[in-house]
Structures are given as C-alpha cells and as structure tokens.
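One structure is given below, encoded as structure tokens.
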Amino acid sequence: MSAKVSAGKQVFAIVKKDVLAELRTKEMVIAMFLFVVLAMVVFSQAFGVILNDLDRVGGGLLWVAFLFMSMLGLNRSFVHEKDEGCLEGLLMSPIDRPLIFFGKMLGNLLFLSIVELFAVPIFFVLFRLEMGASMAGIFLATIFLSNIGIACVGTLLSTISINTKTRDLMLPILFMPVIIPLLIAAVSATGGIMSGEELTEVYGSMRFIAVYDIIFLLVAYALYDYVISE
Amino acid sequence: MKKSSLILASAGALLLMAGIYLAFFVAPDAVVRIDDRELVRYSQKIFYFHVPVAETALVFLLLGGFFGAMYLGTRKRSYEQMSYAAVEIGFIFVILVMITGILWTRADWGVWWEWEPRLTTFLVLTLMYAGYFVLRSSVQEESAKARFGAIFSIIAAVNVPLTFMAGRLDSLKPVHPKVFTLQGASMEGPMLAAFLVSMFGMLLFATSLYIMRLDLLRAREDIEYLKEELEVG
Amino acid sequence: MPKQMAELLKNEKQPYTGAHAEIEVTGLSKYFGKRKVLTKISFELEKGGFLSLFGPNGAGKTTLVKILSTLVAPSEGTVSVAGLDPYKNSAAIRSKIGLISHSPLLYLDLSAEENLRFYGAMYGVDNVDARIDELLEQVELDHRRYDLVRTFSKGMMQRLAIARALLHRPSVLFLDEPHTGLDPHAVDIFESLLDTIRQDHTFIMITHNIERGLALCSKAMILYNGQIAFYQNKADLDTEMFNEIYRRKVKGEC
C-alpha cells in the first residue's frame, strides 16, 4: 500500500461518488430544478404588477429562487453521509479533513451550477427578458462566482447543521444571515447587468463576491477539521 | 459581585452620566433649516448613546470570535466560556442598537423602520447571532455545543465586516446617517468629547457586565459538576 | 507494567501482557472542563488479541475507541496503536485500523463494488480491482457486486461492511456493537467470517451481548463511569465476578 494517498485522487473520489449516487437517484437535482421553476411561477403570481419593471427586480427574483433552491441541495448533501454512518467511515480513512470539505463543496457547486444552467434560460423566457451574448457571459460568470460562495458557506454550515437536533431546520437559520453580503452583491451585479448599468459598478460587485469567496474558502479550510472531528 | 466588576460598573455608570450631561448641555445641537427657520433636532442626541452602543457591540462580537478561535486551538474550557459570554454581551448590545436606531429613525424620519444600510446591517447581525444561540441550544452534547458555538462565532465574526462592506454597495441606496447637519460640521471639540466619554463609559460598563456573566458561567459549571459528582456518589 | 495500571487493577488475576503489545494505553484520561469522560485508563492488548468492552451507555466505551482510532484527542496519558501515537501520526494509523460498526458505513445508492472502489481511493489501496474481487468472494457477495447496497438485506450489508473494513488490510479492527440488528443466521455468518480473519488481526469490540462478547474475546473489560471496573484475561476469567459487576454496574441493580 502506498504510504501517502494522493489528495487529488481522494477529492475526485468524493465528487465522483456523489455524482454517481445522484445520477442513480436524480432526486436532488430534479427536486432543485422543479423548486426553482415553481418559485418563478409563484413570484410571477405574487408580484404580478411589479414585474413590468423586471429589469430592476429580476436579479432579486432570480437570487431568491437560487438561494432557497441551494438550501434544499445543501441539506441533502450530508444526509447520505450521516445516515449510514458513512461520515465516520470517511473520517477513519487517511484523508486530510479539508479535502473532505473540498470534495463535498465541489459536488455541491456542480449540482448547483447544473440546475442553474437549465433554470436561467427558463427564467429569461418566462419573464420575456433579452440579453446580448457578451452580457450573457458576464451574467453567467457572476452566477458562477456566487455559486462558489454559496457552495462554500453552505457546505461548511450544513456539516454543522446535520449534527444538531433540528438538522435541516437549522441550516437556513445559520446560512441566510451569513450569505446576505454575497446576496446583496450578487443582486446588485445581475441587476446592474440586466438594467444596462455601467459595467464598472457591476465589476465592483463581482470583485466583492470574489473577495467573499476567497475569505470563506480560507475560513472553511482553517475550520473544517474542527467542524468535522471532535 | 466581585470588586473589579463593581469598580468597572460604577466607573462606567459615572462616565455614561457625564456623557449624557455633555451631550445635552455642552455638545452643539443639531440644526436643520426649513424655509429660513432653524429647527433644533434634539433626537440627534441619541447619537451619543447609539453609536457607543454599536461600537461596543462590535467589539464584543469580534472578541467572541477571537476567543472562539482560542478555544478551538487550545481546547481550554475557559476560552469557550469567554467566547460565549462575549457573544451574549455583544448580542444584548446589538439589540440595544436596534432599539435606539429604531427610536432615532422614528424621531428623525417619522418612520419606525427604514431599509437603510447600517440599520439593515445590524438587523442581519441580530438574526445571525440569534442563530448562534439557536444552534447552541440545538446541540445536546456539551463538547459539541462548545465546538459548534466556537466555530459559528468565528464565522459570524468574519461575516460582520463583510456585511458592513456589502451595505455600502450601490444596491441599497444610502438614505443617510451622515446627514445630521451640525453647526460644527465634522466631529470635533465638545461633540467629540461627549462622544468619547460616552464611548469609554459604555465600554467599561459592558466589560463589567462581561466579567459578571463570566463569573456566573463558571459558577454554573462548578455547580453542574458538583451535582454530577453527588449523583454518581 | 506501568504503575498506574497496577494501582487500578485491584483484581488479583491481572492479565498477561506480551512483550509486543499492539495496543498500549497508559494513564489515559479525557475530560471536558471538569467533567471526566475517561479517567486513568491503562491496558495492553497483544497482537492477535481480542478485547471485549462492556459497559452502560455513557461509560466512555465509544470515546475510548474514538481516541484509539484518531478521531478524538486524549486529554492526558499516552496511547500507542501498532507502535504509533494516534494523535501525532493520525494518517499513518488510520491506514492500519478498520471499523465495523452497527451502521454499515456504506452508501446506499452506490453498488457494492462502487462502495469498495470509493474507500479504495480513500485509502490508496494498490491493485484495488484484484483486492475487491478477492474480498467479495470471501464475503460471498460477488454475485451481487453490481447491485445497489439499498437492495441488500441487513446481513448482506454487514458482510459488505466487513469487506469494506478489511479493504486496506488493517492490522487492528474496531467492532462497535456489530451484533446489533443482525438475525441469528447473520450472526453465524458474521462470526465465521471473524474466525477466518481472527489470527491476523487485533480486535477491540464494544458490545452489550455478554454471551458473544465473552465467547469471542481473549480479554474482557467493563467500563463504568469512565473507569475500568473489571479487566481480566479470558483464560482465568472469574465468571461470577464478571456477572456480579456486570449486573451491578451495567444493569444498575444493587
């Protein structure tokens, strides 16, 4: 047996295992996708009048839908690990704790991004929005950049919430206040793109999202060992 | 009550009273001009209370995160208690910020609530730290409670400056608080003096509360331990 | 023999300890604040030994095993597993220990083979395909290797869990209430499997099953309130004393 197991292989194995299980059941991605579309329908019915002004509120609608959808997935993400004691099995294997985090986070990031890739076109069609190709690039980049933060903070906090009595009730309470700075910046960036604002302001928000991502990646890297082992 | 906390509490109380005196009788009044008439906005006096409360809250919340990190690093129970007590005191002061902020908003702008960046920021902080207490009460095992509490106190402390920064992004258009028009424009002279006295008094007062709370936590831990010892026999 | 151990063991029949102990625990304590979870635990287990660990819930059995398997850091005392300190060489030790628990530690939505392959990657097992073939044959599950674990019976899951635990050829195995939830037939299969791997491994088993626990072990220990209440070699086990202490401490009868 090799003395030192490759970190890349371990992270990849975790992601692969989550993707395999998801491909088999598809329960998470489909539920998340349906949730996003349903949220859009609910918004259109609940805020019918404002929607005439969609350039300004559209970004907000999109992010509220994405945020709640991401919590669905994040909650599921550790249920598999906890239910049959797999997390203990994982902890007993010679893997560095932060690698477990990166594996789980990359999986969450992947699922989140895939669902959004399908949801964004539907959003544009449903709300009759249009966007040029170059703008669409920046738009998607903003979403992906925000996804990193969502997946990072979400993975970190769902590892905590899964260990509480209330489990999935706990995640939103912890997750939402921590994610609000990112939400503000993401809404500002996507809203800015949709209403054709100066790009410098959009870039300012994107830079903030990037800073947020980096800070919480570092926090997660430093703290995950404590989160996951006693 | 221990002597140290008694001295701190009395010094803090004296300074706070001095601060109130300075605020009302020495510091300049805030004046707004409406149609050539000058109106004194006495509601601005709450500034000398509101801002020190806010800064004290932030100091203790950040301290909570710092001691949380110390606990994770050393696994000494005392750091965990220090972190928990700091977050508790910080939380009380955050709620005070909300109350004084709402009063000021009501008096100055005539509404109970305004989605103004800094007020919003403190609302988010209130909710975030409420989550801290919910989290702790939702974990049964003592060591896990301490561990998760410490971890979340760090995450939350990191998020405090981020929340402030996000509040300054363009989407939430700042309605104001730099706007109280003062005869002496920026903060200097008597106004600064009144502010600093209040600020210092508030910090001393909060520190005395902190020490008392910490003593209480330690005593409670001792009693719990003794109770268990008795049960086991 | 360490001094603390001699003090702790008031029984006259102290267990024999070999020169090359696979697991060595000296003066181990774990506390949280003032609360003690484990107090001055000392024992040794020779290579190939089998320690059965009894005790009521909350006696510290799980914490002891978690310390030995690098998941929890001790507050005091020294621990050595396969000649290594779990806290300092955690990665090295983890590749030498395996866990068979009452939960299978398997992903239900993956097939038997995928589960083993995943853990193989975690442990960096060489020649993982050949190893998986060999193990699946050993636990008689090769006909189900592509089926989802979700479709397995409890007994089959437990067999796969054993294969999972043996995958990286550990030298020490921890068994955490492995009999829980198994029907008698599954227990038979489980124990015949244990028999085949018995001589190459060192075991520590947490159990509430006195009969099975005493039958399998080479040493028996009762933990109560974080302390060793009983510790003897099976060869000269005082069954009456064991039963007496077990009845008093574990069942709480007077």
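The values are calculated or read from the model by the stated rules, or taken from the named source; none is laboratory data. Here the structure is a predicted model, which means the values were calculated and not measured. Reconstructed Cβ throughout: ideal geometry from the backbone, glycine too, with neighbour counts over all protein chains shown.
Which residue, of B:32, B:87, B:94, is in contact with a Ser or Thr (Cβ under 8 Å, 6 or more places away or on another chain), under 29 Å from residue C:75 (Cα atoms), β-branched (Val, Ile, Thr) and surrounded by 14 or more Cβ atoms within 10 Å (Cβ to Cβ)? Steps first, answer last, please.
On the way: B:32 fails: under 29 Å from residue C:75 (Cα atoms); B:94 fails: under 29 Å from residue C:75 (Cα atoms).
Among B:32, B:87, B:94, only B:87 is in contact with a Ser or Thr (Cβ under 8 Å, 6 or more places away or on another chain), under 29 Å from residue C:75 (Cα atoms), β-branched (Val, Ile, Thr) and surrounded by 14 or more Cβ atoms within 10 Å (Cβ to Cβ).
Looking at C:29, C:42, which one is modelled with pLDDT of 90 or more and surrounded by fewer than 20 Cβ atoms within 10 Å (Cβ to Cβ)?
On the way: C:42 fails: surrounded by fewer than 20 Cβ atoms within 10 Å (Cβ to Cβ).
Criteria check complete, one pass: C:29.
If the requirement is being at pLDDT below 80 and either β-branched (Val, Ile, Thr) or in contact with a helix residue (DSSP H, G or I) (Cβ under 6 Å, 6 or more places away or on another chain) (or both), which of these qualifies: B:175, B:197, B:160? Reasoning before the result, please.
Details: B:197 fails: at pLDDT below 80; B:160 fails: at pLDDT below 80.
Answer to the check: B:175.
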Cross-chain or 6+ apart pairs with Cβ under 7 Å, the range A:14-36 first and aliphatic (A, V, I, L, M), then surrounded by fewer than 16 Cβ atoms within 10 Å (Cβ to Cβ): A:29/A:114
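Report yes if residue C:160 is modelled with pLDDT of 90 or more and crowded, with 22+ Cβ neighbours inside 10 Å, otherwise no.
Values: modelled with pLDDT of 90 or more: yes; crowded, with 22+ Cβ neighbours inside 10 Å: yes.
Yes; evaluated as a whole, the condition is true for this residue.
Out of all the residues in the range A:114-135, is one or more within 9 Å of chain B (Cβ to nearest Cβ) and at negative phi?
Residues of the range A:114-135 within 9 Å of chain B (Cβ to nearest Cβ): none.
Taking every residue of the range A:114-135 in turn, none turns out to be within 9 Å of chain B (Cβ to nearest Cβ) and at negative phi.
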Considering residues of the range A:55-100 that are among the β-branched types (Val, Ile, Thr) and surrounded by fewer than 22 Cβ atoms within 10 Å (Cβ to Cβ) only, the residue nearest to residue A:181 (Cα to Cα): A:64
The range A:143-175, residues that are crowded, with 18+ Cβ neighbours inside 10 Å, within 8 Å of another protein chain (Cβ to nearest Cβ) and touching a Ser or Thr at 6+ places or on another chain (Cβ under 8 Å): A:164, A:170, A:174
Qualifying positions in the range A:70-126 - small (Gly, Ala, Ser) and part of a helix (DSSP H, G or I): A:70, A:73, A:77, A:89, A:103, A:107, A:113, A:119
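Can you name every residue in the range B:1-52 that is among the basic types (Lys, Arg) and in a helix (DSSP H, G or I)?
First, pick out the residues of the range B:1-52 that are among the basic types (Lys, Arg): B:2-3, B:33, B:37, B:41, B:45.
Within the range B:1-52, B:3, B:45 meet the criteria.
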Residue in the range A:84-101 that is at pLDDT 95 or above and more than 10 Å from chain C (Cβ to nearest Cβ) present: yes
Residue in the range B:97-119 that is on the phi > 0 side of the Ramachandran plot and either surrounded by fewer than 19 Cβ atoms within 10 Å (Cβ to Cβ) or at the interface with another protein chain (Cβ under 7 Å from one of its Cβ atoms) (or both) present: yes
Scan of the range C:158-213 for residues that are within 21 Å of residue C:112 (Cα to Cα), of a type in the set (Gly, Ala, Ser) and within 14 Å of chain A (Cβ to nearest Cβ), ordered by number: C:161, C:163, C:165, C:181
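So which residues in the range B:131-153 are at the interface with another protein chain (Cβ under 8 Å from one of its Cβ atoms) and either hydrophobic (A, V, I, L, M, F, W, C) or in contact with a His (Cβ under 6 Å, 6 or more places away or on another chain) (or both)? It would help to see each step written out before you state the result.
If we filter the range B:131-153 for residues that are at the interface with another protein chain (Cβ under 8 Å from one of its Cβ atoms), which is where we start, we get B:131, B:134-135, B:138-140, B:142-144, B:146-148, B:150-152.
Result: B:134, B:135, B:139, B:144, B:146, B:148, B:150, B:151, B:152.
Taking the stated definitions as given, is residue C:59 over 30 Å from residue C:211 (Cβ atoms) and not in a strand (DSSP E or B)?
On the way: over 30 Å from residue C:211 (Cβ atoms): no; not in a strand (DSSP E or B): yes.
Criteria not met by residue C:59.
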Flag if residue A:140 is within 22 Å of residue A:69 (Cα to Cα), more than 14 Å from every other protein chain (Cβ to nearest Cβ), in contact with a Gly (Cβ under 8 Å, 6 or more places away or on another chain) and at pLDDT 90 or above: no
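Which of the residues that make up the range A:176-193 are among the β-branched types (Val, Ile, Thr) and facing chain B (nearest Cβ under 8 Å)? Break it down stepwise before answering.
Going through the range A:176-193, the residues among the β-branched types (Val, Ile, Thr) turn out to be A:178-180, A:184, A:187, A:190, A:193.
Hits for the range A:176-193 are A:178, A:180, A:184, A:187.
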Identity of the residue in the range C:95-109, surrounded by fewer than 22 Cβ atoms within 10 Å (Cβ to Cβ) and at the interface with chain A (Cβ under 7 Å from one of its Cβ atoms), that ends up modelled with the lowest pLDDT: C:103
